[in-house]
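J.: Submitted below is the structure of interest, expressed as structure tokens.
The values are calculated or read from the model by the stated rules, or taken from the named source; none is laboratory data. In this text, all values refer to a predicted model and were calculated from it rather than measured experimentally. Because the Cβ atoms are built from the backbone with ideal geometry, glycine has one as well, and the counts that use them run over all protein chains shown.
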Amino acid sequence: MTEPSPNSLLDYIRTLEARINALTSTSTTPREPKVANPEKFNGKMSDVKNFVATCRDIFALQPSRFKDETTKIIFVGTNLTGNALTWYRNIRLEHESSPNPGLNDVESFFRLLLYTFDDPNAVNNSRDQLSRIKQGKESCLNYSTRFRNIAIETGYNEVAKVALYRNGLNETIKDALAMQTLPENFEDFVKLAINLDNRQFQRRVEHRREHQRQPTAEPMQLDNLELKSPKSPISQEVKEYRMKNGLCLYCGDRGHLLKNCIKKPKNELPRQESRMA
């Protein structure tokens, strides 16, 4: 039996190493997550940016599904409907006779899609919305989310965003901000406003709880409320309570009787005394 040469052994070792590396590479490759297809786009202007963003996420999360740019463009096309699908069909037909640069790669196609269906006055419309947005009855957190979604389209700098954001806040938050050192950074300003709004909400909850725990007014306290109007006669139950506890029959205080009550107008004394008789 002949012994293997050193070269053949070296080749064999290299073959084994290659197989091991291939197996290791296959086993360590992460599995791509399952991702739902985007909601079909029908040409509605307000939805086009969300549609494009969702498609980009799918391409990033599942690259093995899309081997080339044409596959990506066709995938986007299959998720169009209505007016958008008609537009896509037409540019595909035109591309066969006159090549369209928008169909060379998916990013060029996205630019063409946005140019066709996005709002041409998006910046001006967003700035107008931002100048009129108000917090109203919603929480500062929800108001901040709405504000951010609009502000991202405006191109405003930090100073402008802070000024417009503060303008839309409720007066109670503005009052609380007046006692604070205000940050110039927009996100820091938003965090401060949300924190103050949360504190005020917690205090309102505490006030309601404290009010619910307050005891029912005692009979004497009810007497005082009842006699705010001097002409209102007291009930028999209140009269008996005052007589039993030595209280004035008119004002409910201790230390004097009805005839000596300084709180009772003189012209009502005879009528009240006649009732006692």
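J.: Taking only pairs six or more apart or across chains, which ones have beta-carbon atoms under 7 Å, a first residue in the range 247-266 that is acidic (Asp, Glu), and a second residue that is part of a loop (DSSP other than H, G, I, E, B)?
T.: From the range 247-266, the pairs are 253/247.
J.: Can you tell me which residues in the range 81-119 are within 22 Å of residue 68 (Cα to Cα) and among the aliphatic types (A, V, I, L, M)?
T.: Listed by number, the residues that qualify are 85, 91, 93, 103, 106, 112, 113, 114.
J.: Mind listing whichever residues of the range 93-106 are surrounded by 13 or more Cβ atoms within 10 Å (Cβ to Cβ) and either outside the structural domain of residue 63 (by TED's automatic domain parsing) or in a helix (DSSP H, G or I) (or both)?
T.: Across the range 93-106, the qualifying residues are 95, 102, 103, 106.
J.: Any idea which residue in the range 43-79 is farthest from residue 92 (Cα to Cα), counting only those that are among the polar types (S, T, N, Q) and surrounded by 15 or more Cβ atoms within 10 Å (Cβ to Cβ)?
T.: The residue in question is 54.
J.: Within the range 87-125, which residues are among the small types (Gly, Ala, Ser) and at pLDDT below 95?
T.: If the condition is that a residue be among the small types (Gly, Ala, Ser) and at pLDDT below 95, then 97, 98, 102, 122 are the ones that fit.
J.: Which of the residues spanning the range 87-113 are hydroxyl-bearing (Ser, Thr, Tyr) and more than 17 Å from residue 47 (Cα to Cα)?
T.: Result: 97, 98, 108.
J.: Return only the number of the condition from (1) in the same structural domain as residue 57 (by TED's automatic domain parsing); (2) surrounded by 12 or more Cβ atoms within 10 Å (Cβ to Cβ); (3) of a type outside the set (Phe, Trp, Tyr) that residue 90 does not satisfy.
T.: (2) is the only condition that residue 90 fails.
Residues are listed down the side, and each one gets a yes or a no for (1) modelled with pLDDT of 95 or more; (2) touching a Phe, Trp or Tyr at 6+ places or on another chain (Cβ under 8 Å); (3) farther than 30 Å from residue 238 by Cβ:
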{"residue": "144", "(1), (2), (3)": "yes, yes, yes"}
{"residue": "148", "(1), (2), (3)": "yes, no, yes"}
{"residue": "154", "(1), (2), (3)": "no, no, yes"}
{"residue": "161", "(1), (2), (3)": "yes, yes, yes"}
{"residue": "164", "(1), (2), (3)": "yes, yes, yes"}
{"residue": "167", "(1), (2), (3)": "yes, no, yes"}
{"residue": "179", "(1), (2), (3)": "no, no, yes"}
{"residue": "184", "(1), (2), (3)": "no, no, yes"}
{"residue": "195", "(1), (2), (3)": "yes, no, yes"}
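J.: Determine whether residue 36 is out of contact with any Phe, Trp or Tyr (no Cβ under 8 Å at 6 or more places or on another chain), in a loop (DSSP other than H, G, I, E, B) and of a type outside the set (D, E, K, R).
T.: Judged against the criteria, residue 36 is a match.
J.: Follow-up. Please indicate, with yes or no, whether at least one residue in the range 169-180 is under 15 Å from residue 195 (Cα atoms) and of a type in the set (Gly, Ala, Ser).
T.: Checked the range 169-180: at least one residue is under 15 Å from residue 195 (Cα atoms) and of a type in the set (Gly, Ala, Ser).
J.: Considering only residues that are β-branched (Val, Ile, Thr) and in contact with a Leu (Cβ under 7 Å, 6 or more places away or on another chain), look in the range 152-189 and name the one that is nearest to residue 203 (Cα to Cα).
T.: 173
Matching residues to (1) at pLDDT below 95; (2) outside any helix (DSSP H, G or I):
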{"residue": "1", "(1), (2)": "yes, yes"}
{"residue": "11", "(1), (2)": "yes, no"}
{"residue": "26", "(1), (2)": "yes, no"}
{"residue": "32", "(1), (2)": "yes, yes"}
{"residue": "46", "(1), (2)": "yes, no"}
{"residue": "55", "(1), (2)": "no, no"}
{"residue": "71", "(1), (2)": "no, no"}
{"residue": "85", "(1), (2)": "no, no"}
